[in-house]
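Worksheet: the structure to be examined is printed underneath.
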Amino acid sequence: MLAVAAWIAWEAWRWPDVAAAGRKPPKTTAFIERWRAGQRAAGRSARVDRVWVAYPAIAPGLKLAVLVAEDVNFFSHHGFDTGEMREALAKAIGERGLPRGASTISQQLARNLWLSPSRDPLRKMREAVITWQLERTLGKRRILELYLNVVEFGPGVWGVESASRRYFGKPAADVSDDEAALLAASLPSPATWHPGSTSAAYRRYAEVLRRRMDKGQFLRRLL
């Protein structure tokens, strides 16, 4: 009993201040620090290319591209898309593999800001609680704003503003729909998939996302 109480106290002491994410941009994230540690361990530069940009200064097409790529039901769920989970689970059963691709943007944000890519059950429990807090404390647009500013779009390139300037020489506000699809297509594997990549698979995926954007125009009114 004492051990359980000690564990609960430890978790409470180091639990993130989720509400603070609604008031100011995070100085860094767990994923960024993990990447920097790996860079330093390999004797490489740990410089991070990241510039915060406010929600209104992000092109609607870029927001749309990320939604159709990562979480098309973002504005209609409360942090957990059970329909997507069921679909991913059914696919995993058919492929005899582990479920993938069922995380919502809110879940991914919780993981990026404060956790790790580990798949252990305890980490997933923490992610679920933080996701619930994010949805309860922050509005949808703030969650999406945070997400677009902290996810990786290439080695050392974090957030849509830095990615837009790095790959297209323009701010996130001026990105075209075709360029937005290229950026969103990098999210599953930013180390190798990004607008500077020559991967044929990456280019095909970007084309798929561009078609999804055309079909998902109704989402623009929510952005």
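The values are calculated or read from the model by the stated rules, or taken from the named source; none is laboratory data. None of the values given here were measured: they were computed from a predicted structure. Please note: Cβ atoms are built from the backbone with ideal geometry, for glycine as well, and neighbour counts cover all protein chains shown. We work out accessible area using only protein heavy atoms, side chains counted, and drop any ligands, DNA or RNA first. Shrake-Rupley method; radii C 1.70, N 1.55, O 1.52, S 1.80 Å.
Only a single criterion out of (1) part of a helix (DSSP H, G or I); (2) at pLDDT below 95; (3) over 22 Å from ALA59 (Cα atoms) is not satisfied by PRO117, namely (1).
Listed here are the residues, each with its yes/no results for (1) under 20 Å from GLU161 (Cβ atoms); (2) among the hydrophobic types (A, V, I, L, M, F, W, C).
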site	(1), (2)
PRO26	yes, no
ILE32	yes, yes
ARG40	no, no
VAL53	yes, yes
LEU64	yes, yes
LEU67	yes, yes
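Checking each residue in segment 31-48 for being open to solvent by 40 Å² or more (accessible area, probe 1.4 Å) and not small (Gly, Ala, Ser) picks out PHE31, GLU33, ARG34, TRP35, ARG36, ARG40, ARG44, ARG47, VAL48. The residues in segment 165-176 that are surrounded by fewer than 20 Cβ atoms within 10 Å (Cβ to Cβ) and among the aliphatic types (A, V, I, L, M) can be counted, and the count is 1.
Is there a residue being under 21 Å from LEU109 (Cβ atoms), modelled with pLDDT under 95, open to solvent by less than 50 Å² (accessible area, probe 1.4 Å) and over 16 Å from the mean Cα position of the chain (by Cα) anywhere in segment 144-157? Within segment 144-157, none of the residues are under 21 Å from LEU109 (Cβ atoms), modelled with pLDDT under 95, open to solvent by less than 50 Å² (accessible area, probe 1.4 Å) and over 16 Å from the mean Cα position of the chain (by Cα).
Across segment 26-84, the qualifying residues are those that are among the acidic types (Asp, Glu) and in contact (Cβ under 8 Å) with a residue 60 or more places away in the chain, and the one among them that is nearest to ARG142 (Cα to Cα) is GLU70.
Looking only at segment 115-139, which residues are of a type in the set (Ser, Thr, Tyr) and surrounded by 14 or more Cβ atoms within 10 Å (Cβ to Cβ)?
SER116, THR131, THR137
Residue count for segment 49-69 under the criterion of being touching a strand residue (DSSP E or B) at 6+ places or on another chain (Cβ under 6 Å) and open to solvent by less than 50 Å² (accessible area, probe 1.4 Å): the result is 1.
If the condition is being more than 19 Å from the chain's Cα centre (by Cα), open to solvent by 50 Å² or more (accessible area, probe 1.4 Å) and either over 25 Å from PRO117 (Cβ atoms) or free of Cβ contacts under 8 Å to residues at least 24 places away in the same chain (or both), then segment 177-203 contributes ASP178, THR198, ALA200, ARG203. Of all the residues in segment 76-93, those that are at pLDDT 75 or above and surrounded by 14 or more Cβ atoms within 10 Å (Cβ to Cβ) number 4.
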